[in-house]
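Only one structure is covered here, and it is reproduced in the block below.
The values are calculated or read from the model by the stated rules, or taken from the named source; none is laboratory data. Everything numeric here is computed off the predicted structure, so don't read it as measured data. Cβ sites come from the backbone with ideal geometry, for glycine too, and all protein chains shown count toward neighbours.
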Amino acid sequence: MENEGARGYGVILLTFTLAYVLAVLPLPQWLMWARPEWVALALVYWTIALPHRVGIFTALLLGVGLDVLEGAVIGQNAFALVVVALLSLILYQRLRVYSLPQQSGVVFVLVGINQLVCQWVQNLEGAGAASLLFLMPALSSALLWPVALHVLRGLRRHYRVN
Amino acid sequence: MLALLLVVVLIIADLRFRKLETTRSVLDTVATPIYWIADLPTRLGDWSDTHIQSRTDLLEENERLRRENLVVQGRSHQMSSLQAENVRLRGLLNSSAILRDDVLVAELIGVSPDPVRHQLVLNKGEVDGVFVGQPLIDAAGLMGQVVEVSAGNSRVLLITDATHSIPVQVNRNGVRAIAEGTGSLGTLEIRHVSATTDIREGDLLVTSGLGGRFPVGYPVAVVSEVERDPGQAFARILAVPSAALDRSRHVLLVFTDDPEQDG
């Protein structure tokens, strides 16, 4: 049993690392604004799937890591992801029975909130965005949610993480 | 609730008191492999560019480089005589000679994923002698300054970041000004220049060295737009950075001989 638990953590860790890599992958300038929030997507999935294992504390660590990676104020993404995890924990029972488009809609709102919090902290620093383009990742993340869901669920079922 | 509180404490500690610099530089070292992996596709592209290339292409490039080298060598001969003359003249004027700067070639391993934040990650760090505040240039001009150093890599703030300003002067007549980043990669804004100041479109702006951080005389930007509205106290002046901020992969970290670097 213990062995299985350890393997489960390995899979979760791997997906988060992958999300980190995708989060800093160099993109052309015109795509920059629409970069999906991969880390938030992975976090939402794991919170819905395993609310007893992945939650606020994971979000906190994950966020600090992302802050360091992005060179942002430490706590910016941590704050945003903690809020996202909190909402996912409240909503997970409903989210599990939603259809895919409905789930995408919720993901749109969650990532939108994530972006708003990030923007708010960036404005404290004096480096906020000038337009509403910073909400673009909410749209792209919602569109990519079905893909992320299938990949992550496939991984979870294949390695029997629960 | 506890987590939210902790996060707010973190934000305040970093933003207000800058208490997390050492933590950050340690964590940065851990983050390096992630940048390295994310950079792999680009490096693979570079590799295939250099290894899978036709003979004619290489010959052509070789020819072109030979020609370029000839021109540059000719110029550098001229340059050395001009430099000697400059030192003599400065001696006559009783001012200290400008010393040549040493440079360290660094490679870009990451760019900030956030479009609002203009930062680069370089593959040189503390062990190579990189320090906070060190200027970064490419072949065409000034790019920015180092803001964070960890053991093996460093983070650079570009001159176009919204939180960056740099003292400049017009190369043509020596008018001094401050060039601020606007948050868009192709534009700097020259702030608080009175409407009667002699700045024209096409003027080259170079570092003035007044801040004590950047060495004198590196090209920064070219004035692209001057708008003088009689109703406004200041002219609105925009400039395009000379350096290829979004294209340069190999960049130069400048070591000046001035010991008082951390101004």
Restricting the search to the stretch B:113-135, which residues are of a type in the set (S, T, N, Q) and touching a residue at least 40 places away in the same chain (Cβ under 8 Å)? B:Gln119, B:Gln134
Return the residues of the stretch A:22-39 that are more than 17 Å from A:Gly63 (Cβ to Cβ), more than 8 Å from chain B (Cβ to nearest Cβ) and part of a helix (DSSP H, G or I); say none if nothing qualifies. A:Trp30, A:Leu31
Determine if the stretch B:172-188 includes at least one residue that is among the polar types (S, T, N, Q) and touching a Lys or Arg at 6+ places or on another chain (Cβ under 8 Å). no
Among the residues that make up the stretch B:189-202, is at least one of them closer than 29 Å to A:Ser131 by Cβ, within 13 Å of another protein chain (Cβ to nearest Cβ) and either outside any strand (DSSP E or B) or within 14 Å of the chain's Cα centre (by Cα) (or both)? no
For the stretch A:85-102, check the following and say yes or no: at least one residue is surrounded by 17 or more Cβ atoms within 10 Å (Cβ to Cβ) and closer than 26 Å to A:Leu31 by Cβ. no
Can you name the number of the only condition in (1) in contact with a Phe, Trp or Tyr (Cβ under 9 Å, 6 or more places away or on another chain); (2) surrounded by fewer than 22 Cβ atoms within 10 Å (Cβ to Cβ); (3) within 22 Å of B:Ser208 (Cα to Cα) that B:Val146 fails? (2)
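Rundown of residues vs (1) part of a loop (DSSP other than H, G, I, E, B); (2) crowded, with 20+ Cβ neighbours inside 10 Å, yes/no style:
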| site | (1), (2) |
| --- | --- |
| B:Leu89 | no, no |
| B:Leu104 | no, no |
| B:Glu107 | no, no |
| B:Val116 | yes, yes |
| B:Val121 | no, yes |
| B:Gly133 | yes, no |
| B:Ile166 | no, yes |
If A:Ala130 satisfies all but one of (1) facing chain B (nearest Cβ under 10 Å); (2) part of a helix (DSSP H, G or I); (3) exposed (fewer than 14 other Cβ atoms within 10 Å of the Cβ), what's the number of the condition it fails? (2)
With B:Thr207, B:Thr182, B:Thr197, B:Thr187 as the choices, which residue is of a type in the set (Ser, Thr, Tyr) and under 27 Å from B:Gln83 (Cβ atoms)? B:Thr207
Yes or no: A:Val73 within 13 Å of chain B (Cβ to nearest Cβ), in contact with an Asp or Glu (Cβ under 9 Å, 6 or more places away or on another chain), more than 17 Å from A:Ala148 (Cα to Cα) and in a helix (DSSP H, G or I)? no
Taking the stretch B:216-258 as the region of interest, how many residues are modelled with pLDDT of 90 or more and among the polar types (S, T, N, Q)? 2
Which of the residues that make up the stretch B:9-38 are part of a helix (DSSP H, G or I) and facing chain A (nearest Cβ under 7 Å)? B:Leu10, B:Ile11, B:Asp14, B:Leu15, B:Arg24, B:Leu27, B:Asp28, B:Ala31, B:Ile34, B:Tyr35, B:Ile37, B:Ala38
Condition broken by B:Gln53, with the remaining ones in (1) over 28 Å from the mean Cα position of the chain (by Cα); (2) assigned to a helix (DSSP H, G or I); (3) away from every other protein chain (no Cβ under 12 Å) satisfied: (2)
